[in-house]
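Asks: The structure follows.
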Amino acid sequence: MKTWEESLVKLEDENEIRALSNKFADAANRIDVELFKSLWMANGEWTIGPPINQHFVGIDQISTAFSGLLASWEFFVQLPAGGNIQINGDTATTHFYVNEIARSKTGVSNYNLAQYEDQLLKENGVWRFVRRNYKVIYLDETPLLGTSFKL
């Protein structure tokens, strides 16, 4: 049986990990490279599955890819949803789900539902991504004909 202190630490860790996922989406939505970089371990790995099929290693490669991928969009919004968190001391694994909607500067549209499989590490009291593996579950490229506005 867990003590109330152990339960409180678990709840705090879960909250911080959810906040990390939300910060990732916020950084993407606002194209905030500095915030995005702060979410990763220096030697992190980011894999984006089909249809992009890319793998990036190290914070420099990851942040360059982040900027490059988002630069092509007229607008991009990632909405994080619930997920599952498994904590084992200072490491954790998660499955988070996201909904994304975007339109490129050339007019190509993208609406998708996807899953992130994550490995995280808590170092000096801060949770960061060690690995993020992005898997598209559903993709719709029907043209988005509405008007977009900059944040």
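The values are calculated or read from the model by the stated rules, or taken from the named source; none is laboratory data. In this text, all values refer to a predicted model and were calculated from it rather than measured experimentally. Neighbour counts run over all protein chains shown; Cβ positions are idealised from the backbone, glycine included. Heads up: the accessible areas ignore ligands, DNA and RNA and are worked out on the full protein's heavy atoms, side chains in. Shrake-Rupley method; radii C 1.70, N 1.55, O 1.52, S 1.80 Å.
Asks: Report every pair of residues separated by at least 6 positions or lying on different chains whose Cβ atoms are under 8 Å apart, first residue within the range 28-53 and on the phi < 0 side of the Ramachandran plot, second in a loop (DSSP other than H, G, I, E, B).
Replies: N29/L151; R30/L151; A42/G58; N43/G58; G44/G58
Asks: Go through the range 19-49 and count every residue that is within 15 Å of A65 (Cβ to Cβ) and basic (K, R).
Replies: Residues that pass the stated criteria total 1.
Asks: Ok, one more. Looking at the range 102-121 only, could you name the residues that are open to solvent by 60 Å² or more (accessible area, probe 1.4 Å) and hydroxyl-bearing (S, T, Y)? It would help to see each step written out before you state the result.
Replies: Restricting attention to the range 102-121, the residues satisfying the condition of being open to solvent by 60 Å² or more (accessible area, probe 1.4 Å) are 105-106, 108, 111, 113, 119.
Of everything in the range 102-121, those that are open to solvent by 60 Å² or more (accessible area, probe 1.4 Å) and hydroxyl-bearing (S, T, Y) turn out to be T106, Y111.
Asks: Among (1) more than 12 Å from the chain's Cα centre (by Cα); (2) modelled with pLDDT of 95 or more; (3) not β-branched (V, I, T), which single condition is W40 missing?
Replies: (1)
Asks: Residues that are crowded, with 16+ Cβ neighbours inside 10 Å: find the strands (runs of 3 or more DSSP E) completely inside the range 22-93 holding 3 or more of those. Give the steps one after another, and end with the answer.
Replies: Details: elements: 40-48, 54-57, 73-88.
In the range 22-93, the matching strands (runs of 3 or more DSSP E) lie at 40-48, 73-88.
Asks: Here's something else I'd like to know. From N124, N99, N133, grab the single residue that is closer than 30 Å to V9 by Cα, at pLDDT 95 or above and surrounded by fewer than 11 Cβ atoms within 10 Å (Cβ to Cβ).
Replies: Values: N99 fails: surrounded by fewer than 11 Cβ atoms within 10 Å (Cβ to Cβ); N133 fails: surrounded by fewer than 11 Cβ atoms within 10 Å (Cβ to Cβ).
Just a single option satisfies the conditions, and that option is N124.
Asks: I'd like the full set of residues that are open to solvent by 60 Å² or more (accessible area, probe 1.4 Å) and among the polar types (S, T, N, Q), limited to the range 136-151. So that I can check it myself, show each step before the final result.
Replies: Going residue by residue through the range 136-151, those that are open to solvent by 60 Å² or more (accessible area, probe 1.4 Å) are 137-139, 141-143, 145, 147, 149-151.
Listed by number, the residues that qualify are T142, T147.
Listed here are the residues, each with its yes/no results for (1) closer than 17 Å to D26 by Cα; (2) hydrophobic (A, V, I, L, M, F, W, C).
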position	(1), (2)
L70	yes, yes
E74	yes, no
G82	yes, no
I85	no, yes
G89	no, no
R128	yes, no
F149	yes, yes
